[in-house]
Amino acid sequence: MSDSVKYLLGEQDIPKSWYNINADLPVPLAPVLHPGTKQPIGPDDLAVIFPRAVIEQEMSAEREIEIPEPVREVYRQWRPSPLFRARRLEQALGTPAKIYYKYEGVSPAGSHKPNTAIPQAFYNKQEGVKRITTETGAGQWGSSLALAGAFFGLEIVVFMVRVSYEQKPYRRAFMETFGAQCIASPSDRTQSGRAILAEHPDSTGSLGIAISEAVEMAAQRDDTKYALGSVLNHVLLHQTVTGLEAMRQMEMAGDYPDLVIGCTGGGSNFAGLAFPFLGRQLREGGDTQFIAVEPSACPTLTKGLFAYDFGDTAHLTPLVKMYTLGSGFVPPGFHAGGLRYHGMAPQISHLAKLGHIAPRAYNQLECFAAGVQFAKAEGIIPAPEANHAVRGAIHEAEKCRESGEAKTILFNLCGHGHFDMQAYTDYLAGKLRDLTYDESEVAMALAGLPSVS
């Protein structure tokens, strides 16, 4: 059989609880520290920027956290998302491997990001918040929060990394269609943005800078909170609906993954698919390999240091222990804007340090080549970020072809590339090139890591 196979669940199969991997960690996470005192923070320290329910989830060690019914009601618009067996891709590769992908591009925003945007908007609305500020790289997160803001009647302000703001005008239009305000970052709207522009007037921006601007604006008004689209525990928690559904669908297929693969920028979509499987392995044992794929031009897990660092450039956020390239690092402007972050989710960093997650880095051109190969076989054009997971899956399938091993590969196709066609146009015209980061800039950024005993 050469056609791809789709495994579908019904609305009744939408998970009723998110999975919290903190309950199964073999070693607890390092504490989050106050940026001023360098002492462990408490809930009150976060109340300026997050609603209480989100803070409780961030600090929770409960294995299951109930999904509110109003959130599940919105999820029903696109969840459960389909799981495909990529038989046409398998045939094209001539591999004995079985390749499955969970497709999150069916959401209204075209990616996995609404899985956390919807609950974050819900919890803010519950607490009486009127306005939410945030940052976005490629625009997937900003689009999703704009959507959630429209559903729950919230004003949304998005600071979009300037290089992506210029590369992806349709993402900006998407946000504005749903009523959000989209601002190129660094901007003149905040003190942190003005400081960057004074020193670097032509700055292409970074997620670290955009976070600083969004946090600064949120802290100035009592009716405003901040929302983050990746990195923190509660965000990764919300994304586990993906992996929980995938576990059910793999049972339907009568199969189980030897390899689970996802792209990583801040880590939320990789964690969303991988954590339910990894949690089971931590509890019951197993030999599934978990591969986190990142861009070679921003190699946080493969080249960064595991240390305490700020999540933003202006040092307004708490200190978390994670793999980092330094909060002052500004990565080059490759097209996978959602993967241009200097740090990595503390939970993923922690599990990678313990050896439970294997990081891998690929260059931009080979990822686009994989995306085109996948599109021709499966009929879906992936987002540039998702191309990294596609490349990882194809690489593993090619290794199976060489070794003759019939492994089962599962990866997260976290979004479609319909707003990224200029990137594909440039790739097909031979205008894209592999970008490299400046090692001296990384060294300088890492030299500025905070001193923590």
Across the stretch 100-209, how large is the tail of the calculated P(r) beyond 20 Å, expressed as a percent of all Cα pairs?
-> 42
Binned at 5 Å from zero, the C-alpha pair distances of the stretch 264-413 give percents of 2, 10, 18, 20, 20, 15, 9, 4, 2, 0, 0
Using only the C-alpha atoms of the stretch 38-142, find the volume of their convex hull and express it per residue in Å³.
-> 193
In a solvent-free Debye calculation with one equal scatterer on each Cα, what is log10 I(q)/I(0) for the stretch 396-453 at q = 0.28, 0.31 Å⁻¹, listed in the order of the q values?
-> -1.05, -1.15
If contacts are Cα pairs under 8 angstrom and at least 6 residues apart, what is the relative contact order of the chain in percent?
-> 19
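Mind giving me the FRET efficiency for Asp44 and Leu305? R0 is 35 Å, r the Cβ-Cβ distance, nearest 0.05 is fine.
Calculated transfer efficiency: 0.70.
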Quick calc of log₁₀ I(q)/I(0), the stretch 223-316, Debye, one scatterer on every Cα, no solvent, q values 0.13 1/Å, result -0.55
Positive dipole terminus of the stretch 253-372, leading residue within Gly265, Val372, Pro346 (C-beta point charges) | Pro346
Measure out, as a whole number of angstrom, how far apart the alpha-carbon centroids of the stretch 66-103 and the stretch 139-193 sit.
-> 28
Based on the mean of other Cβ atoms within 10 Å per residue, sort peptides 196-204, 115-123, 265-273 so the most packed one is first.
-> 265-273, 115-123, 196-204
Residue order, fewest to most surrounding Cβ atoms within 10 angstrom, among Ser403, Ser107 | Ser403, Ser107
Hey, can you rank 216-225, 431-440, 236-245 by average C-beta count inside 10 Å, highest first?
-> 236-245, 216-225, 431-440
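Under DSSP H, which helices of the chain have Cα atoms covering 15 Å or more of the helix axis and a Kyte-Doolittle average no less than -0.5?
Span-like helices, by this rule, are 140-152, 207-219, 241-253, 268-284, 364-378.
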Share of alpha-carbon pairs per 20 Å distance bin for the chain, given as whole % | 28, 62, 11, 0
If Lys and Arg each add +1 and Asp and Glu each add -1, what is the summed charge of the other residues whose beta carbon sits under 13 Å from the beta carbon of Gly265?
-> -1
Please compute the net charge surrounding Tyr427, taking Lys and Arg as +1 and Asp and Glu as -1 over other residues with Cβ under 13 Å from its Cβ.
-> -2
Beyond 14 Å, what percent of the Cα pairs of the stretch 248-298 remain?
-> 57
Quick one: putting +1 on the C-beta of Lys and Arg, -1 on the C-beta of Asp and Glu, what dipole do you get for the stretch 251-382 around its Cα centre, in Debye to the nearest 20?
-> 340
Cα point-scatterer Debye curve for the stretch 212-274, base-10 log of I(q)/I(0) at q = 0.19, 0.21, 0.22 Å⁻¹ = -0.76, -0.85, -0.89
Step through the table entries Lys376/Lys407; Lys38/Lys225; Lys16/Lys102; Lys376/Lys431; Lys6/Lys407; Lys102/Lys303, compare each Cα-Cα distance with 26 Å, and write down the pairs that go over it.
-> Lys102/Lys303
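Find out how many positive minus negative residues lie around Phe174, taking Lys and Arg as positive, Asp and Glu as negative, among other residues whose Cβ is under 13 Å from that of Phe174.
Net of charged neighbours comes to +2.
Throughout, read-outs are computed from the coordinates displayed, never taken from laboratory work. All of these numbers come straight from a predicted model, not from anything done at the bench. Don't worry about glycine lacking a Cβ; one is built from the backbone with ideal geometry, like all the others, and counts go over all protein chains shown.
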